[in-house]
Protein chains: 2
Amino acid sequence: MSDVKIILNESEIPTHWYNVVADMPNPPLPPLGGDGKPVSPEQMLAIFPGPLLEQEMSAERWIPIPEPVREIYRLWRPTPMFRAYRLEQALGTPAKIYYKHEGVSPAGSHKVNTSVPQAYFNKMVGINRLTTETGAGQWGSSISLAGQMFGIEVRVYMVKVSYNQKPFRRSMMQTWGAEVFASPTDMTNAGREALAADPNNPGSLGLAISEAVEEAASRKDTNYSLGSVLNHVCLHQTVIGQEAKKQFAKVNDYPDMVFACCGGGSNFAGAAFPFLADKAAGKQVRLVAAEPSSCPSLTKGVYAYDFGDTSGYTPMMKMHTLGHDFMPPSIHAGGLRYHGGSPLVCQLYHEGLIEAVAVPQIATFEAGVQFARAEGIIPAPESCHAIRACIDEALRCKQSGEKKTLFINLSGHGHFDMASYDKYFAGELTDYDYPAEAVKEALKRLPKVAA
Amino acid sequence: MSDVKIILNESEIPTHWYNVVADMPNPPLPPLGGDGKPVSPEQMLAIFPGPLLEQEMSAERWIPIPEPVREIYRLWRPTPMFRAYRLEQALGTPAKIYYKHEGVSPAGSHKVNTSVPQAYFNKMVGINRLTTETGAGQWGSSISLAGQMFGIEVRVYMVKVSYNQKPFRRSMMQTWGAEVFASPTDMTNAGREALAADPNNPGSLGLAISEAVEEAASRKDTNYSLGSVLNHVCLHQTVIGQEAKKQFAKVNDYPDMVFACCGGGSNFAGAAFPFLADKAAGKQVRLVAAEPSSCPSLTKGVYAYDFGDTSGYTPMMKMHTLGHDFMPPSIHAGGLRYHGGSPLVCQLYHEGLIEAVAVPQIATFEAGVQFARAEGIIPAPESCHAIRACIDEALRCKQSGEKKTLFINLSGHGHFDMASYDKYFAGELTDYDYPAEAVKEALKRLPKVAA
């Protein structure tokens with residue numbers, strides 16, 4: 001039996017992030033302001049540091065990773081890649097299945113790959129405070145840890161219903177020294193207005209974003225930090241795919257298909273973009289984004305300019321959207337409940353360079369449990385989407401006899417999501433249909449943008 | 001900067017377990033039955049498989065690890081050893097601190113190092129069902145995973161108060177296919193009697209053991225499995241220390257002191273015994289067991305024959321004990337709330353070959369938070385005891401200027417213990433004094449054994 005784990009040395013942690021823009025057939029479309037014109041860097045500098053804005057707009061293929069960031073990466077990177085021998089055996093498939101385990105990071109997911117450089121570049125420009133929002137808590141945890149590493153105060157606005165339902169994610173953030181508040185709070189205008197209208201407002205991601213952005217915009221010492229969607233976030237995540245390519249090279253293999261879950265898009269981008277570089281150079285590889293069938297922005301959304309948040313405070317971005325005020329059903333994969341997605345991922349999907357598949361909730365947990373029983377690791381509900389899509393392909397290979405090489409990016413572990421597994425075992429989960437009517441209504445409220 | 005992580009290849013997973021009995025100055029004292037005579041193997045075969053009993057009584061130095069066990073070990077072993085550069089810096093100590101991270105296992109602790117071979121050897125003798133008890137849930141999780149790997153049904157009697165307070169450990173066991181019941185149940189005589197006396201009985205570890213043993217003893221197809229204390233359990237854990245020695249060799253270093261938390265003793269044994277082999281050969285190394293000051297069996301107990309469980313159903317073992325019916329204060333390190341300890345560890349302590357230190361609860365969480373903020377990883381409350389003892393030594397080195405090499409065995413992560421961290425941050429933890437009066441009373445009820 002060959003090794004189960006394909007391990008790299010710390011010297012093999014990538015020295016540069018890979019910028020997919022350099023290999024896109026068309027340049028990315030810019031974000032637009034309320035006036036329909038591209039947003040100026042000056043407007044963005046109120047809440048983002050210069051170096052991150054430069055990355056956001058760069059067309060350079062390789063962007064160096066600062067040494068202090070690589071030093072923090074060493075705490076968990078390179079992450080191991082596993083050959084899923086036991087899962088293959090359980091499925092009886094001739095396909096080879098590999099997965100890369102981003103859940104080995106202290107915060108439990110890939111999100112720290114970007115929280116660390118975000119904290120670093122903010123520190124470099126003299127920022128000592130960051131605000132952010134978090135829903136389920138993966139992102140809030142990751143930026144809390146990164147802030148602690150660079151001596152930056154972190155204030156997290158956590159959606160109140162999650163704050164109450166997931167107290168242990170909150171504890172985790174506090175262990176790393178962050179302040180965590182249940183949003184809406186009485187500390188911002190946005191929060192006070194929401195509370196005035198309804199003192200029992202349970203909060204929403206859109207509202208928490210409004211609170212975090214409002215505070216960052218109103219204080220010179222404070223910036224705002226976002227955990228997905230934006231170009232620089234996708235960029236930072238490419239350490240995943242770059243390492244994966246080195247790991248495949250070590251075992252003289254190469255994936256026919258790459259599977260990653262896709263909400264805001266940074267996890268998919270991180271795994272897939274470095275392989276897309278090979279594809280641009282003529283290599284055969286299929287890149288599959290797995291999204292929830294209840295919130296299928298890639299497979300059912302329209303490709304249009306829309307706001308990034310529910311309330312329409314952010315710039316407009318060209319993306320596959322279900323409408324910025326569409327409220328997705330309450331599935332147990334909070335990280336994938338997003339009406340839109342990364343403009344880079346959406347443009348590549350629009351241009352046919354990547355694929356997408358929508359998978360229903362119960363089948364994702366079924367796949368997660370099958371994975372856990374074979375491989376040990378209990379995956380995050382988000383990651384179960386990629387596992388489901390991969391298992392479906394492995395079962396197709398069983399029918400056809402194809403010996404494909406399949407690769408899953410396992411974005412995180414499910415240690416803080418066991419309540420969701422409980423509901424699965426209790427038969428209490430719902431397979432929400434694609435809410436076509438609600439989306440149709442929401443799409444009527446897309447912002448008007450001159451063609 | 002040298003590598004943070006010292007990594008071994010899968011070919012470096014130990015091929016044998018190390019049996020410390022071969023290097024002990026005196027042979028271990030046997031367990032005694034109710035008649036005061038050594039327990040016969042025949043009596044033990046009712047609930048344990050032959051190969052494990054052979055290991056329990058073996059004096060061979062090296063016992064081969066079966067290949068199917070090593071194959072499962074590959075899912076997480078070898079575990080990484082970290083140089084704690086950031087913690088050293090935070091402490092300002094000239095000491096070098098290393099830690100081995102057993103929390104990377106799917107179940108989150110070192111316990112799987114023994115649950116896997118226990119499941120394997122039971123399977124080998126045709127056993128397809130195992131019963132066990134669990135308190136906090138680390139052991140129950142580990143045997144559930146191992147049972148799943150070898151196609152063995154696992155039934156876990158989980159102390160009712162933990163079953164209700166730690167629902168996510170229960171979910172984890174169910175994810176791996178185990179049946180979990182809140183003990184006391186109405187399925188055993190022991191449980192029915194307890195419920196008849198008090199329908200609201202919250203359960204105890206002693207009672208859960210009684211239920212698990214009763215079921216195993218009454219069914220031919222079912223054996224019982226224990227997660228600590230016994231010789232064969234300590235034996236299996238020696239993969240930790242063996243790997244650690246290889247890792248130190250890779251960086252041309254060797255520990256002056258080894259720190260591990262100690263409850264039943266298997267985690268300490270796993271880390272320390274392989275170093276004790278070097279000590280027996282003349283090498284200088286101090287081996288420190290860190291126990292809670294509220295349940296200080298090594299530092300305050302008497303060295304005597306006592307029962308392993310509260311009710312006195314098990315054989316008597318020679319160990320440092322606080323009295324088998326002593327009820328330790330409810331500290332947040334469930335794995336360390338045990339009145340006695342491993343007979344091997346206790347004999348070595350009695351003979352002066354190892355040391356022990358008792359640390360108070362609040363200081364252990366303080367150490368855990370300091371560790372988490374420097375290194376990222378949030379440690380289990382049990383592991384925080386070893387961290388506390390090591391940090392205290394590192395601070396002594398700061399005073400003295402000594403450049404000692406210190407080694408912590410990090411037994412597990414704290415992802416399922418965040419409620420305890422919450423109580424620490426809320427200032428709701430108590431530093432229970434050593435309950436001298438309660439121990440004095442309990443020690444009056446030690447069983448009488450002819451000298």
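Looking across region B:18-29 at every residue that is within 21 Å of the chain's Cα centre (by Cα) and in a loop (DSSP other than H, G, I, E, B), the one that is nearest to the other protein chains (Cβ to nearest Cβ) is identified as B:N19. Quick check: is even one residue across region A:108-122 in contact with a Phe, Trp or Tyr (Cβ under 9 Å, 6 or more places away or on another chain), surrounded by 24 or more Cβ atoms within 10 Å (Cβ to Cβ), within 21 Å of A:P381 (Cα to Cα) and facing chain B (nearest Cβ under 10 Å)? Yes, because at least one residue in region A:108-122 is in contact with a Phe, Trp or Tyr (Cβ under 9 Å, 6 or more places away or on another chain), surrounded by 24 or more Cβ atoms within 10 Å (Cβ to Cβ), within 21 Å of A:P381 (Cα to Cα) and facing chain B (nearest Cβ under 10 Å). Quick check on my filter: what residues within region B:393-428 are away from every other protein chain (no Cβ under 14 Å), hydrophobic (A, V, I, L, M, F, W, C) and either farther than 30 Å from B:C234 by Cβ or touching a Lys or Arg at 6+ places or on another chain (Cβ under 6 Å) (or both)? B:L395, B:C397, listed by residue number. Taking the criterion of being touching a Phe, Trp or Tyr at 6+ places or on another chain (Cβ under 8 Å) and either crowded, with 24+ Cβ neighbours inside 10 Å or under 24 Å from A:E355 (Cβ atoms) (or both), the only residue of region A:216-226 that qualifies is A:N223.
Take the conditions (1) within 12 Å of another protein chain (Cβ to nearest Cβ); (2) of a type in the set (A, V, I, L, M); (3) more than 30 Å from A:E71 (Cβ to Cβ); B:V369 misses just one of them, which is (3).
You will find that of A:P68, A:P51, the residue that is of a type outside the set (A, V, I, L, M, F, W, C), under 30 Å from B:G376 (Cβ atoms) and within 14 Å of another protein chain (Cβ to nearest Cβ) is A:P68 and no other. Apart from one condition, A:E355 fits all of (1) within 14 Å of another protein chain (Cβ to nearest Cβ); (2) under 30 Å from A:G92 (Cα atoms); the exception is (1).
Of the helices (runs of 4 or more DSSP H) lying entirely inside region B:342-421, those carrying at least 1 residues that are among the polar types (S, T, N, Q), within 21 Å of B:L322 (Cα to Cα) and out of contact with any Gly (no Cβ under 8 Å at 6 or more places or on another chain) are B:343-350, B:361-375. When A:T310 is tested against the conditions (1) within 21 Å of A:Q43 (Cβ to Cβ); (2) of a type in the set (S, T, N, Q); (3) not in a loop (DSSP other than H, G, I, E, B), the lone failure is (3). Scanning region A:417-451 for residues that are touching a Phe, Trp or Tyr at 6+ places or on another chain (Cβ under 6 Å) and either within 24 Å of A:P379 (Cβ to Cβ) or free of Cβ contacts under 8 Å to residues at least 12 places away in the same chain (or both) yields A:M418, A:Y424.
It is to be established whether one or more residues within region B:316-332 are surrounded by fewer than 21 Cβ atoms within 10 Å (Cβ to Cβ) and in contact with a Leu (Cβ under 6 Å, 6 or more places away or on another chain). Yes, region B:316-332 contains a residue that is surrounded by fewer than 21 Cβ atoms within 10 Å (Cβ to Cβ) and in contact with a Leu (Cβ under 6 Å, 6 or more places away or on another chain). Those helices (runs of 4 or more DSSP H) of region B:151-200 in which at least 2 residues are crowded, with 24+ Cβ neighbours inside 10 Å and within 14 Å of chain A (Cβ to nearest Cβ), considering only elements entirely within it, cover B:167-175.
For region A:239-257, the count of residues that are out of contact with any His (no Cβ under 9 Å at 6 or more places or on another chain), polar (S, T, N, Q) and buried (at least 18 other Cβ atoms within 10 Å of the Cβ) is nonzero. The residue list A:V251, A:V233 contains one member that is in contact with a strand residue (DSSP E or B) (Cβ under 9 Å, 6 or more places away or on another chain) and either of a type in the set (A, V, I, L, M) or modelled with pLDDT of 95 or more (or both), which is A:V251. Residue count for region A:137-148 satisfying the condition of being within 12 Å of another protein chain (Cβ to nearest Cβ), buried (at least 24 other Cβ atoms within 10 Å of the Cβ) and assigned to a helix (DSSP H, G or I): 6.
Listed here are the residues, each with its yes/no results for (1) at pLDDT below 95; (2) under 30 Å from B:R83 (Cα atoms); (3) away from chain A (no Cβ under 14 Å).
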residue	(1), (2), (3)
B:D3	yes, yes, no
B:I13	no, yes, no
B:H16	no, yes, yes
B:P31	no, no, yes
B:S40	yes, no, yes
B:A46	yes, no, yes
B:Q55	no, no, yes
B:W62	no, yes, yes
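Residues that are within 13 Å of chain A (Cβ to nearest Cβ) and either surrounded by fewer than 23 Cβ atoms within 10 Å (Cβ to Cβ) or under 21 Å from the mean Cα position of the chain (by Cα) (or both) within region B:372-384 comprise B:R373, B:A374, B:G376, B:I377, B:I378, B:P379, B:A380, B:P381, B:C384, listed in sequence order. Per the listing A:R192, A:R170, the residue uniquely closer than 26 Å to B:F416 by Cα and charged (D, E, K, R) is A:R170. In summary, A:L87 fulfils each of the numbered conditions (1) of a type in the set (A, V, I, L, M, F, W, C); (2) farther than 30 Å from A:V39 by Cα; (3) under 22 Å from the mean Cα position of the chain (by Cα) with the single exception of condition (3). Within region A:227-266, the set of residues being under 10 Å from the mean Cα position of the chain (by Cα) and polar (S, T, N, Q) comprises A:S228, A:Q237, A:S266. One residue alone among A:E42, A:E71 is over 30 Å from A:G282 (Cα atoms), without any contact (Cβ under 8 Å) to a residue 12 or more places away in the chain and surrounded by 17 or more Cβ atoms within 10 Å (Cβ to Cβ), and that residue is A:E71.
For A:A363, the conditions (1) away from every other protein chain (no Cβ under 14 Å); (2) more than 30 Å from A:G34 (Cβ to Cβ); (3) buried (at least 19 other Cβ atoms within 10 Å of the Cβ); (4) of a type in the set (G, A, S) all hold with the exception of (3).
Any chance region A:435-443 includes a residue that's surrounded by fewer than 22 Cβ atoms within 10 Å (Cβ to Cβ) and over 17 Å from A:C295 (Cβ atoms)? Within region A:435-443 (the criterion being surrounded by fewer than 22 Cβ atoms within 10 Å (Cβ to Cβ) and over 17 Å from A:C295 (Cβ atoms)), the answer is no, since none of the residues qualifies. Return yes or no: is A:Q89 touching a residue at least 12 places away in the same chain (Cβ under 8 Å), on the phi < 0 side of the Ramachandran plot, exposed (fewer than 14 other Cβ atoms within 10 Å of the Cβ) and assigned to a helix (DSSP H, G or I)? Spelling it out, A:Q89 is indeed touching a residue at least 12 places away in the same chain (Cβ under 8 Å), on the phi < 0 side of the Ramachandran plot, exposed (fewer than 14 other Cβ atoms within 10 Å of the Cβ) and assigned to a helix (DSSP H, G or I).
The values are calculated or read from the model by the stated rules, or taken from the named source; none is laboratory data. All values derive from a computational prediction rather than experimental measurement. Don't worry about glycine lacking a Cβ; one is built from the backbone with ideal geometry, like all the others, and counts go over all protein chains shown.
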